[in-house]
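J.: Provided herewith is a single structure, encoded as structure tokens, for subsequent inquiry.
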Amino acid sequence: MTMKLKRIVLLIAVCLQALSLAAAPRIVRPGVKSPTTFAIFIDSRSYEAAAAEVDAYRAAVERDGLGTYLLIDEWQNPESVRSEIIRMTEAQPPLEGVVFVGDIPIAMIRDGQHLTSAFKSSQDRDWKDSSVPSDRYYDDPELQFEFLRRDADEPLYFYYSLSPESRQHIASPIYSARIKPPKREGADSDELLRAYLRKVVKAHAEQNELDNLFVFRGHGYNSEAPEAWAGEQIALREQLPALFRTGSTVRFYDFESRWPMKPYLLEKMARKGVDVALCHHHGAPDTQYLNGYRNGSGMNVSIENIKRFLRSKIDGHKDPEKRKAELIAYYGVPEAWCQLSDSLHTADSLLDQAMDVHIEDLYNRPMNPRMVMFDACYNGSFHLDECIAASYIFGPGDCIVTQGNSVNALQDKWPDRYIGLLDCGVRIGQWGRHVHYLETHLIGDPTYRFINRALPGTDLNTALTAKASDNKYWLRMAAETMPADVQAIALRKLADNGYDKTADLCEKRVAESPYGLVRLEALRLMSTSRSPRFNAMLVQAAGDSYELVRRLVSQWIGDCGDDELVPAAVEMLLDDELSLRVAYHADENMMFMNPDAVSAELRRQSAAKHELYQNEESLQKRLKRIADKQAEQTETFKFIRDPQNKMKRRLSEITYFRLYRHHYCVPELIALAEDAALEEPLRVAAVEALGWFGRSYQRPIISAMCERLLQSEQPRTIFEQTQRTSKRLEAY
């Protein structure tokens, strides 16, 4: 090589190295030694705007004994962030969690709806609406994704498909949160960020007990079931017993306490000293839905509600007169009740505004609970310019962190799971990572924690990361003398670690624990264990005193579908009909399980019950509904196979089984999946639908189908979907 050529090569190497260095993030390493670490990721522009406040926040976290990295960069794509997280999780001491400050790229996840609690959407819709904004891309590095594209309109949106080769369940080893200031007209996002971080630093300097909590229940939540509402109150006493002693405050507010409830809820949120608010209601990115129409048995109240309902169906309709005539004919109401006017339109609009919390209500209003949980759809849509969950923390109040959902969320889940750990000094991030779905996110500082009152002298917070795989430690924590939620998380850790006596422990706790939430945790863990003991445990727990245990047991009985569970399913239907959510699932189970076995058991148990249940007419209605549903499914499969029908409708009939899992239809779905003569999209849909039968007694024949398809020559789409379904079944 000539000298000139060597110089050129050397120059190129130097330039490449310079480019590499320019592309690398600026990293400030932890300033204190600690058993676990934390990382702040921030974009360069946001750091430039709030450097002093970010540095003060980092120092406050380190004063709490958590060594903290600071990573500053332009962050061109999610991969650049994820690679740094993976590097830190592989280092020592282990990474505990991360927070994303400012404009950090957002992963929009596709082909992963089974990781959400409720989101079911056709992926043919606009990708912005049919993808799930999720930081599981970052905090669960073992999930594998395939990059699809960057959004043309929203530069922070990057679309990924959950790889068919990936693990198909969430098991985040670290927590994550977003501190992303709202972007709206008239507001300085940089100043909002600076003010928020100053508030966090001040909060970290306090020694704050969790001694003031309230729970709010909105209109339509959990069918407004009184037993569900009462059960949560009993469970919270098990989880946070100190709250129910002299010197502490706990309150339970219902949407029916006042009408409209909005001013009262906002006043409770504005009170100083509130530590935690748990909010159960419906939601949108910019709205907390609190009330429906006024409840009342008076004639005038009822008439006014009907009039408002009719006006809502006519006002804004493309043909108001035609719509009015339809409503009059259908409901048999006077025409005068359907009249519109400008004054009525204004009054209705003002009433709508008065019934719910809208995002503009929060701009200059203090929201003071340190932590707020939004058990609602879309309140945590952090990918948008603003959302309810972010507006709470960036307002003038003391709110530090919220939990919300980026898409819609299931009502029949366990929203308060492990909430008692907050009284053990556990950081809110550590709590959050153990309860999240694909859509669940923390907004704000995840390192915030209350002082440890429930388990003084025990650093459970560090143990959740540094001793995660230490079974000896978790066996000690699982002792029946421990606080209820400590027992629950210990059982969870033992199950996660594959401890060989987990089933024995869970069986004992279901039979003997005085705590409903410990019994529920044991059942929850067994529901994914494939243990032959699970069915017997379901039968035992079908009459549990804790409503949420019975509700989820009813769901799991329907998910399993075994004939041996039919007697328990029917007994729950007949004996628990006043627990509205339990009864709902019990009634659904009659459609999902073996129709012949269910019909025979209904006849047997109805005859042996109190005369109230010996109503022949009611029994025959139930039996007819079961028979009609069975006949309907026969016609469904004929419809699917008929090429004369529209493809969209045929696909819709298959995707129906994702939510309504009729176990006796599994052989027909398998036949669709393996029919080489059937159109490919239908076969793919059938394979995907079978992935939702993870707890089904039919799982072995679904697994066998997957094995056959994976070992034979198949189109790529079918092969990849079969991989996903097979791995999903492994999670149960």
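Quick note: the coordinates plus some simple rules give every number you see, no bench work behind them. Predicted model, so just to flag it, every value in this text is computed and none were measured. Counting neighbours? That spans all protein chains shown, and the Cβs are built from the backbone with ideal geometry, glycine included.
J.: Going out from 0 in 5 Å bins, what whole percent of all Cα-Cα distances in the range 26-179 drops into each bin?
T.: Using 5 Å bins, I get a P(r) of 2, 9, 18, 20, 19, 14, 9, 7, 2, 0 for the range 26-179.
J.: Would you pull out the residues with amide H under 5 Å of SER176's amide H, same chain only if 5 or more places away, H placed 1.01 Å from N?
T.: Under 5 Å from the amide H of SER176: VAL98.
J.: If each residue's Cβ is checked for other Cβ atoms within 10 Å, how do ARG625, ARG58, ARG150 rank with the fewest at the top? Don't skip to the end; give the middle numbers.
T.: Working: ARG625 13, ARG58 23, ARG150 16.
Ranking ARG625, ARG58, ARG150 by Cβ neighbours within 10 Å, fewest first, gives ARG625, ARG150, ARG58.
J.: Going by how many other Cβ atoms sit within 10 Å of their own, how do HIS585, HIS280 line up, fewest first?
T.: Least crowded to most crowded, the residues run HIS280, HIS585.
J.: Which value in deg cm²/dmol, rounded to the nearest 500, describes the helix-derived mean residue ellipticity at 222 nm for the chain, given -39,500 (n - 2.57) per DSSP H run of n ≥ 4 and division by the residue count?
T.: Result for the chain: -14500 deg cm²/dmol, rounded to the nearest 500.
J.: Something else: Which shape class, rounded, prolate or oblate, goes with the chain when its Cα gyration tensor gives a ≥ b ≥ c as root eigenvalues, a/c under 1.5 marks rounded, and past that a/b bigger than b/c marks prolate?
T.: In terms of gyration-tensor shape, rounded.
J.: Which value in nm describes the separation of the simple spin-label points at SER652 and SER302, placed 7 Å from the Cα toward the beta carbon?
T.: 3.6
J.: Under the rule of at least 5 residues apart or a separate chain, name every residue whose amide H is placed under 5 Å from the amide H of THR249.
T.: Amide H neighbours of THR249: ASN212, LEU213.
J.: Then there's this: Would you be so kind as to identify all helices of the chain, as entire DSSP H runs, whose Cα atoms reach 27 Å or more along the helix's own axis and whose mean Kyte-Doolittle hydropathy is at least 1.0? Walk me through the numbers on the way to the answer.
T.: Details: long enough: 3-23 (30 Å, 1.68); 616-641 (38 Å, -1.29).
Helix filter hits for the chain: 3-23.
J.: Further question: Going 7 Å from the Cα of GLU142 toward and past its Cβ, which residues in the range 475-517 have a backbone nitrogen under 17 Å from where you end up?
T.: Flagged as within label range: 492-500.
J.: If you don't mind, another one. Based on the Cβ-Cβ distance from LYS508 to GLN123, what FRET efficiency comes out when R0 is 60 Å, to the nearest 0.05?
T.: 0.85
J.: I would also like to ask the following. Once you put a point 7 Å from the Cα of VAL435 and another 7 Å from the Cα of ALA152, both along the Cβ direction, what distance in nm separates them?
T.: 4.1
J.: Could I ask something else about it? Relative to the present Cα-Cα distance, how much length would full extension add between ASN364 and TYR732 at 0.36 nm per residue of separation?
T.: 127.7 nm
J.: Assuming R0 = 22 Å, can you tell me the calculated FRET efficiency for the pair ARG625 and GLU564, based on Cβ-Cβ distance, to the nearest 0.05?
T.: Given R0 = 22 Å and the Cβ-Cβ separation, E is 0.45.
J.: On a full-extension model of 0.36 nm per residue, what is the gain between PHE719 and LEU410, subtracting their alpha-carbon distance, rounded to one decimal in nm?
T.: Stretched fully, the PHE719-LEU410 segment lengthens by 108.2 nm.
J.: Only bridges whose two residues both fall in the chain count here: according to DSSP, what percent of them are antiparallel, nearest 5?
T.: Given both bridge residues lie in the chain, the antiparallel proportion sits at roughly 30 percent.
J.: Cut-off is 10 Å between beta-carbons; in what order do VAL215, VAL101 appear when sorted fewest neighbours first?
T.: Least crowded to most crowded, the residues run VAL215, VAL101.
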